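Coordinate-derived values only; no laboratory data. All figures in this text were calculated on a predicted structure; none of them were measured in a lab. Neighbour counts run over all protein chains shown; Cβ positions are idealised from the backbone, glycine included.
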Amino acid sequence: MVADLLSELYKGSVSINFTHWRTGEPLNVIGTLVSETTVKQDPQTMTLIVYDTAQGCWTDIRVSTITDWKVL
């Protein structure tokens, strides 16, 4: 799953639904890895770093908290 998600993030925007690691609150980010800064990530990682297009900043998401995602 992570390798597929990373592949899509390198192509464009992806909506990622996940829960807050501490509170369990449902969250969503529209993220991408298409940016001026290239961030190479290992598909075996436990935490993804994605560029949040709505907030205009980088954010991290624990892989274990991802509930679903879809390509936009």
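Show me, for segment 65-72, the HN-Hα J-couplings you get by feeding each phi into the Karplus relation (A = 6.51, B = -1.76, C = 1.60, θ = phi - 60°), rounded to Hz, glycine and proline as x.
Listing the rounded values in order: 9, 6, 9, 5, 7, 8, 6, 9 Hz.
Using only the alpha-carbon atoms of the chain as identical scatterers, what base-10 log of I(q)/I(0) does the Debye formula give at q = 0.19, 0.22 Å⁻¹?
-0.69, -0.95
Work out from phi, with θ = phi - 60° and the Karplus expression 6.51 cos²θ - 1.76 cosθ + 1.60, the ³J(HN,Hα) of each residue of segment 20-36, listed in order in whole Hz, and give x for Gly and Pro.
4, 4, 9, 9, x, 4, x, 9, 9, 9, 9, x, 7, 10, 8, 7, 5
Restrict the search to the chain; then list the trypsin sites (Lys or Arg not before Pro) that DSSP places in a loop and that have at most 11 other Cβ atoms within 10 Å of their Cβ. Walk me through the numbers on the way to the answer.
Details: sites: K11, R22, K40, R62, K70; in loops: R22, K40.
Passing both the DSSP loop test and the Cβ count: R22, K40.
Might you report the magnitude of the Cβ-based charge dipole of segment 2-71 about its Cα centre, with Lys and Arg at +1 and Asp and Glu at -1, to the nearest 20 debye?
Dipole of segment 2-71, to the nearest 20 debye: 40 debye.
How would E36, E8, E25 line up from fewest to most surrounding beta-carbon atoms within 10 angstrom? Don't skip to the end; give the middle numbers.
Values: E36 5, E8 17, E25 9.
Placing the least packed residue first, the sequence is E36, E25, E8.
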